[in-house]
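Take a look at the structure set out below.
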Amino acid sequence: MKELEERIAAEGQVLPGDILKVGSFLNQQIDTALLGQIGREVVRLYEGEPITKILTIEASGIPMAAAAGMFMGVPVVFAKKHRTSNVDGSVYSTVVHSFTHNEDYNVVVSRDYLTADDHVLIADDFLANGHALRGLIHLCEKAGASVAGVVIAIEKCFTGAGDALRAEGLRIDALAPIESMSSEEIVFRS
Ligand code: 5GP
């Protein structure tokens, strides 16, 4: 998506540890016009697909998932990061390793909001090593929900995680796929 790639090129900051900071328009301050364009692009990509729900993970996946859900006319569910896994049995739970905090945490979603009747579109802001995404897929499997595909705002293609999941048959659309990045240059996959 040209508009997103242009913003990343203009304002993205590459920090040590292969972290891309996009706080000025996507992660902390949110450019709502750009978010609207992202939402419409997600709708265009999945036109004709009978999506019932968009699933993301708190916190930074929520804005783009909400924008897409609004234009698609479907509910958005976000998995929560919890200390406890499943105290009263009311949630599906899995363990995810955090890229940004380098620790494991439980991710839970209520059994009321994800069911075997759902055809789910997964959305997140970043795909790095694929841990968050695999966790969300695992929650869908536990609920018996089918996964239509995955939309990612920014994929760090150089990790290989996205391509490994594609090779397993998963549909993944990245709006801004980054082939390589350094403090001097960000190169997008064409
Ligand atoms: P993964 O689980 O694929 O390794 O990482 C994905 C999660 O880590 C995303 O939900 C995102 O919040 C965070 N993340 C991964 N890489 C970056 C990055 O370069 N910048 C920012 N801001 N978040 C990232």
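Both the radius of gyration and Dmax for the range 32-190 are 15.3, 50 Å, in that order, over alpha-carbon atoms.
Legend: residue pairs LYS80/LYS156; LYS2/LYS53; LYS53/LYS142; LYS53/LYS81; LYS53/LYS80, Cα-Cα distance threshold 21 Å; pairs beyond threshold, LYS80/LYS156; LYS2/LYS53. Rounded to the nearest 500, the helix-only mean residue ellipticity at 222 nm of the chain stands at -9000 deg cm²/dmol, with each DSSP H run of n ≥ 4 adding -39,500 (n - 2.57). Look at the Cα gyration tensor of the range 1-93: its axes a ≥ b ≥ c give a/c of at least 1.5 with a/b at or below b/c, and that counts as oblate. Each part gets one Cα centre, and for the range 97-155 versus the range 1-76 those centres are 15 Å apart. Helix 131-143 and the long axis of the chain differ in direction by around 20°, with both axes built from C-alpha atoms.
Once the chain from ALA116 to ILE19 is taken as fully extended at 0.36 nm per residue, the excess over their C-alpha distance is 31.3 nm.
Among GLU41, GLU168, GLU141, the largest mean-square fluctuation in a Gaussian network model of the chain, built with springs joining Cα atoms closer than 10 Å, belongs to GLU168. A cut-off under 14 angstrom between Cβ atoms defines the neighbours of ALA174, and their net charge, with Lys, Arg +1 and Asp, Glu -1, is -3. Rounded to the nearest 10 degrees, the inclination of helix 32-45 to the longest alpha-carbon principal axis of the chain is 60 degrees.
Loop-located trypsin sites (Lys or Arg not before Pro) in the range 80-162 (DSSP state other than H, G, I, E, B) with a sparse environment of at most 16 neighbouring Cβ atoms within 10 Å: ARG83, ARG111.
Mean-square fluctuations from a GNM of the chain, with a 10 angstrom spring cutoff on Cα atoms, peak among PHE78, PHE126, PHE25 at PHE25.
Label positions at HIS138 and ARG83, each projected 7 Å from the Cα along the C-beta direction, are separated by 2.1 nm.
Taking a ≥ b ≥ c as the square roots of the eigenvalues of the alpha carbon gyration tensor, the range 63-146 is oblate, as a/c is not under 1.5 and a/b does not beat b/c. Once the chain from GLU3 to GLU47 is taken as fully extended at 0.36 nm per residue, the excess over their C-alpha distance is 13.8 nm.
Each reported figure results from applying straightforward, stated rules to the coordinates on display, with no laboratory input. Predicted, not measured: the structure shown is a model, and the values here were computed from it. Here Cβ is always computed from backbone atoms with ideal geometry, including for glycine, and neighbour counts include all displayed protein chains.
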